[in-house]
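Notes to accompany the following structure.
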Amino acid sequence: MRPALRRLFLTALRTDAEAGLADGRWTTRCLHCRTRLSTRADGTPEGHASLEHVVPQAWFGRRAAATLTLQVGDEPDDPRNLALACARCNQDKGKGPDARGPTDARAHEVVARLLATRLARWRDDAEAG
């Protein structure tokens with residue numbers, strides 16, 4: 001795994017109030033289904049853990065997504081926009097809401113709900129273990 005991707009995993013974990021580091025492993029819950037996920041201490045995912053861009057990268061710069069992107073800044077890799085998800089949930093979101101785009105009311109609603117969940121789980125990186 002590329003070091004840059006491992007750093008994004010670590011950023012998502014360190015800023016997730018539900019994530020914890022113990023015995024050389026980070027554990028948290030899937031943003032969607034709450035399945036337990038883990039990575040090694042260096043951010044290398046284990047099992048089905050995947051990196052979720054809550055507001056899809058393709059939605060940045062699109063007027064219909066402005067209310068969402070304003071909550072996470074100008075960059076898709078902003079820590080507020082990163083979370084861990086199980087691969088199945090992440091793929092389902094990618095094929096469904098992400099692909100339909102921000103002009104689809106249901107897609108916008110799903111992403112807004114996930115973003116609210118992510119922001120509710122926010123912790124400052126300095127507080128992380």
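Scan the stretch 24-47 and give yes if some residue there is of a type outside the set (S, T, N, Q), farther than 19 Å from Ala4 by Cα, touching a helix residue (DSSP H, G or I) at 6+ places or on another chain (Cβ under 8 Å) and crowded, with 22+ Cβ neighbours inside 10 Å, otherwise no. Yes, some residue in the stretch 24-47 is of a type outside the set (S, T, N, Q), farther than 19 Å from Ala4 by Cα, touching a helix residue (DSSP H, G or I) at 6+ places or on another chain (Cβ under 8 Å) and crowded, with 22+ Cβ neighbours inside 10 Å. Count of the stretch 60-104 residues, restricted to those that are in contact (Cβ under 8 Å) with a residue 60 or more places away in the chain and on the phi > 0 side of the Ramachandran plot, is 0. Considering only the stretch 39-54, state which residues are among the β-branched types (Val, Ile, Thr) and either over 13 Å from Gly94 (Cβ atoms) or in a strand (DSSP E or B) (or both). Within the stretch 39-54, Thr39, Thr44 meet the criteria.
Checking each residue in the stretch 78-96 for being part of a loop (DSSP other than H, G, I, E, B) and either β-branched (Val, Ile, Thr) or more than 11 Å from Val55 (Cβ to Cβ) (or both) picks out only Gly96. Looking at the stretch 64-71, is at least one residue closer than 20 Å to Gly94 by Cβ and touching a strand residue (DSSP E or B) at 6+ places or on another chain (Cβ under 8 Å)? No: zero hits. Can you name the residue in the stretch 97-125 that is assigned to a loop (DSSP other than H, G, I, E, B) and closer than 26 Å to Thr15 by Cα and is also modelled with the lowest pLDDT among such residues? Among them, the one singled out is Asp124.
The values are calculated or read from the model by the stated rules, or taken from the named source; none is laboratory data. The structure presented is a predicted model; accordingly, all values stated were derived computationally and were not measured. Don't worry about glycine lacking a Cβ; one is built from the backbone with ideal geometry, like all the others, and counts go over all protein chains shown.
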